[in-house]
Amino acid sequence: MKIWQNEAVFTAEHPITEEVFTESALFFDIETTGFSPINTHVYLIGCAARRGQLICVTQFFAEKPQEEKAILTAFFKLANQYERLISYNGLGFDIPYLQKRTEHYGFHGKMDLAHLDIFRKMSKFKLILRLPNLKQKSLETFLGIEREDKYSGGDLVNVYLDYTKQPDDEKASILQLHNYEDLLGMPKLLPILSYPRLFEGDFDVLSCEKNLYKSYEDTQELEMIMTLGLNNPLPKRFSFGRQDIYLTAHGRQAKLKVSVYQGELKYFYPNYRDYYFLPEEDRAIHKSVAFYVDKNFRTKAKAATCYSKKTGCFLPQYEEVITPYFKLEYHDKVSFFEMTDDFTDSLELQKKYALHLLEYLKKQA
């Protein structure tokens, strides 16, 4: 077994990096000869820890398959000195793989540590950020992070197999560099977590205003613009929209634009059996009042006819978040709530609505 140890200068240029990459956290990444832990093995395990303004990298390399148990033992001994693990798809691949391999050798690689998986955090943001895929290198490219290594993990399997037959420094350097740059790349990726944090509510509502604008059809339309102040700056501008919602964000500010519905909507009473419907007036009234209406001008209300009407300015919602809510028709999936002073004066309601819109956009991606 070879152990490579190197140091690199650490610069925390983003508050999330400083917050997450503490001296009690350990980045790790593994290289294997395949995806199945049953008939393949791990040949390189890299770790990166912080010591002040340095990143200390330790890599455990099995020069031959028979040294796999040794690098597994060395890794688990090191990892259990830390409070948190940080990985890229470690929960989905690395940890299950390592645990299967330790079981193969008759011991259990127990690791009861908190685990931050950057891949899992970013799994819903491929379309939102217009990424070609969710490989680590794609996120690095998005953030403008450059690396020397040009190989993929799959490319290196044959390099490693050749090394086991005929060891030489050039092949070892190729294998080491790929893992080393994966390790150094992960701390640089941490600012990308500001995107999921925005969608999790890491912001304050700064303003909520109506805005008149001309549409492409040259008609005058009304929208609401909600400005959000972000607690963690976004490293790169992005925009994303669906239906009547459009989000743009950069740095410490995001804007949510939502089309305002102007006109008449229906409020449907929940207990329709207590109401009569008046076809002439196109509305429902309670039985206690309908008793005085001629039977020829009333019918028993149904769920779809048990409503009253209201005219005003309304905002869409895709779940019943703010009440009372209104609809165009009973079976519509989209409901609306009136844009009253209660809403425009309440930062609490505005944040609740903003979180709802962000969650809706994430589900649409």
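The values are calculated or read from the model by the stated rules, or taken from the named source; none is laboratory data. Everything quoted here is computed from the prediction, not taken from an experiment. Please note: Cβ atoms are built from the backbone with ideal geometry, for glycine as well, and neighbour counts cover all protein chains shown. What goes into the accessible areas is simple: the full protein's heavy atoms, side chains included, and nothing from ligands, DNA or RNA. Shrake-Rupley method; radii C 1.70, N 1.55, O 1.52, S 1.80 Å.
Just one of (1) in contact with a Phe, Trp or Tyr (Cβ under 7 Å, 6 or more places away or on another chain); (2) open to solvent by 60 Å² or more (accessible area, probe 1.4 Å); (3) not hydroxyl-bearing (S, T, Y) fails for E13. It is (1). Taking the condition hydroxyl-bearing (S, T, Y), at pLDDT 95 or above and under 18 Å from E209 (Cβ atoms), does Y353 pass? So Y353 fits the description; yes.
Scanning the stretch 97-111 for residues that are open to solvent by 60 Å² or more (accessible area, probe 1.4 Å) and touching a residue at least 60 places away in the same chain (Cβ under 8 Å) returns K100, H104. Is at least one residue of the stretch 320-327 of a type in the set (K, R), under 30 Å from L355 (Cβ atoms) and assigned to a strand (DSSP E or B)? Checked the stretch 320-327: at least one residue is of a type in the set (K, R), under 30 Å from L355 (Cβ atoms) and assigned to a strand (DSSP E or B).
Being open to solvent by less than 60 Å² (accessible area, probe 1.4 Å), assigned to a strand (DSSP E or B) and of a type outside the set (G, A, S) is the filter here; which residues of the stretch 268-286 pass it? Correct list: F268, Y275, Y276, F277, L278, I285. D94: among the charged types (D, E, K, R), open to solvent by less than 50 Å² (accessible area, probe 1.4 Å) and either touching a helix residue (DSSP H, G or I) at 6+ places or on another chain (Cβ under 6 Å) or farther than 27 Å from T17 by Cβ (or both), yes or no? Here the answer is no, as D94 does not meet what is asked. Right, Q99: part of a helix (DSSP H, G or I) and under 31 Å from the mean Cα position of the chain (by Cα) or not? It is true that Q99 is part of a helix (DSSP H, G or I) and under 31 Å from the mean Cα position of the chain (by Cα). Of all the listed residues (T311, T305), the sole one being of a type outside the set (A, V, I, L, M, F, W, C), at pLDDT 95 or above and open to solvent by 70 Å² or more (accessible area, probe 1.4 Å) is T311. Just so you know, in the stretch 188-222 the residues that are of a type in the set (K, R) and assigned to a helix (DSSP H, G or I) include one that is farthest from L247 (Cα to Cα), and it is K188. Restricting the first member to the stretch 291-308 and to residues that are among the small types (G, A, S), and the second to residues that are assigned to a loop (DSSP other than H, G, I, E, B) and surrounded by 14 or more Cβ atoms within 10 Å (Cβ to Cβ), the beta-carbon pairs closer than 7 Å and six or more apart or on different chains are A303/Y330; A304/Y330. Do we find that I128 is in contact with a strand residue (DSSP E or B) (Cβ under 6 Å, 6 or more places away or on another chain) and within 24 Å of I16 (Cα to Cα) in this structure? Yes; evaluated as a whole, the condition is true for this residue.
The residues on offer are N39, N6, and the sole one that is modelled with pLDDT of 95 or more and either assigned to a loop (DSSP other than H, G, I, E, B) or over 25 Å from R120 (Cα atoms) (or both) is N6. When the residues of the stretch 112-151 are filtered to those that are among the basic types (K, R) and open to solvent by 90 Å² or more (accessible area, probe 1.4 Å), the one that is modelled with the lowest pLDDT is K150.
Only one of the numbered conditions (1) modelled with pLDDT of 95 or more; (2) over 33 Å from the mean Cα position of the chain (by Cα) is violated by S288, and that is (1). Quickly run through the stretch 152-184 and pick out the residues that are charged (D, E, K, R) and either surrounded by 13 or more Cβ atoms within 10 Å (Cβ to Cβ) or within 26 Å of T141 (Cα to Cα) (or both). Result: D155, K171, E181, D182. Inspection of the stretch 219-234 identifies at least one residue that is open to solvent by 20 Å² or more (accessible area, probe 1.4 Å) and either free of Cβ contacts under 8 Å to residues at least 24 places away in the same chain or small (G, A, S) (or both). Taking the numbered list (1) touching a Leu at 6+ places or on another chain (Cβ under 7 Å); (2) without any contact (Cβ under 8 Å) to a residue 12 or more places away in the chain in turn, N39 passes all entries but (1).
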